[in-house]
Amino acid sequence: VPFGVHELTVTISDGSHVDYENDAASQTISFTNIDTPPVEITTLYMGNGNVNAGESVDIDLSLTNPDEIIAGFQLSLLDFPDYVDITGIETTDRTSAFMFTFNEQDDGSVIVVGFDLTGAGIATGAGPIMSITYLSTGTYSTEVSVSIDENVSIVSDQTGTALDFEAESGTITINGEPPPPIFAPEDLSAVPGFQMVNLSWTHPEPWDVVGYYILRDGENVGQSELPNYADTGLETEVEYCYTVKAYNDFVVSEESTEVCATTVSQYFEEPVNL
């Protein structure tokens, strides 16, 4: 098993190797392989977990520090989409002498500060340095990405010097009610141009939409947060056909009605007064 955070699921099956579908027939755990880490830089790993909607789950944040003792850190924890809250953080064997504080920011991120009053720090090695309790705040089934914002996070050595580090994200799978469907985009129109096609459309419930996927001839070619899109870099005098799908944090809609447009050739007037 490669070094890092992994997820293992065991499911009971019948004599025909068909899995039982009830919740009690399976269990999932996260673990970190700490044997001979093939890393050359301090690395943080967010764990994975499964939780029922409205309940809590503990996720390990693990650290590999092959060369430097870690004396303290300030980490910015992110979750997207925002359907979980951090309600508690506990130390582990590697951080038993540490003190942790955490505060949620206006943008939804959570700042975690950890420091060691004894000065011993986190010895070189690998393994969990904190257990983070996440509370599911939604009611629908979804997947939430949990990560560390490397741009505003700091990991320091015993002299207080910031160290270079990397971070890997994890996933919290929320088991809840099936999310409601969303309508497909309507009134799709395509206006051709030189090597481009301008698309626009409407949506009956735009407040339920996070963005739109644009498909050209059945293939996804882009996405937009607004009900318009310019598809550029096309060949001249070629017909292209488009559909659009709406999506939110949970589901993707059916495709809109297809529209087609043929790009135009561009005419340049001859120079005069040579």
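The values are calculated or read from the model by the stated rules, or taken from the named source; none is laboratory data. Given the structure is predicted, the values throughout are model-derived calculations rather than measurements. Every residue, glycine as well, gets a Cβ built from its backbone with ideal geometry; the counts of neighbours run over all protein chains shown. Ligands, DNA and RNA are excluded from the accessible area calculation, which covers all protein heavy atoms including side chains. Shrake-Rupley method; radii C 1.70, N 1.55, O 1.52, S 1.80 Å.
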**Asked** For residue 82 and residue 262, what does the FRET efficiency come to when R0 = 41 Å and r is the distance between their Cβ atoms, rounded to the nearest 0.05?
**Response** 0.40
**Message:** Report the gain in length on full extension from residue 74 to residue 118: 0.36 nm times residue separation, minus Cα-Cα distance, nm rounded to one decimal.
**Reply:** 14.1 nm
**Prompt:** For residue 191 and residue 207 in the same chain, what is the full-extension length gain: residue separation times 0.36 nm, less their Cα-Cα distance, in nm?
**Reply:** 3.2 nm
**Complete:** Mean accessible area per residue over the range 1-116 (1.4 angstrom probe, all protein chains present, square angstrom) is 56 Å²
**Asked** Going out from 0 in 10 Å bins, what whole percent of all Cα-Cα distances in the chain drops into each bin?
**Response** 6, 21, 21, 19, 17, 10, 3, 1, 0
**Asked** What is the extension gain from residue 137 to residue 173, computed as 0.36 nm multiplied by their sequence separation minus the C-alpha to C-alpha distance, in nm to one decimal?
**Response** 11.7 nm
**Asked** Per q in 0.17, 0.18, 0.21 1/Å, what log10 I(q)/I(0) does a Debye calculation on the alpha-carbon atoms of the range 4-152 return?
**Response** -1.03, -1.12, -1.38
**Prompt:** Can you pull out the GluC sites (Glu not before Pro) in the range 187-274 that DSSP calls coil and that have at most 12 other Cβ atoms within 10 Å?
**Reply:** 225, 235, 237, 254, 269
**Prompt:** How much FRET efficiency would the formula 1/(1 + (r/R0)^6) give for residue 232 and residue 107, where r is the Cβ-Cβ distance and R0 is 41 Å, rounded to 0.05?
**Reply:** 0.80
**Complete:** proj_area_mean for the range 162-274 (convex hull on C-alpha atoms), units nm², value 14.4 nm²
**Request:** Give me the percent of the accessible area of the chain that comes from carbon and sulfur atoms, probe 1.4 Å, all protein chains in place.
**Result:** 48 percent
**Item:** Under 11 Å, Cβ to Cβ, from residue 128 - net charge with Lys/Arg +1 and Asp/Glu -1
**Value:** -3
**Prompt:** Expressed as a rounded percentage, what relative contact order does the range 166-274 have, with Cα pairs under 8 Å and six or more residues apart?
**Reply:** 30 percent
**Pair residue 22, residue 90: separation of 7 Å Cα→Cβ label points (nm)** = 2.9 nm
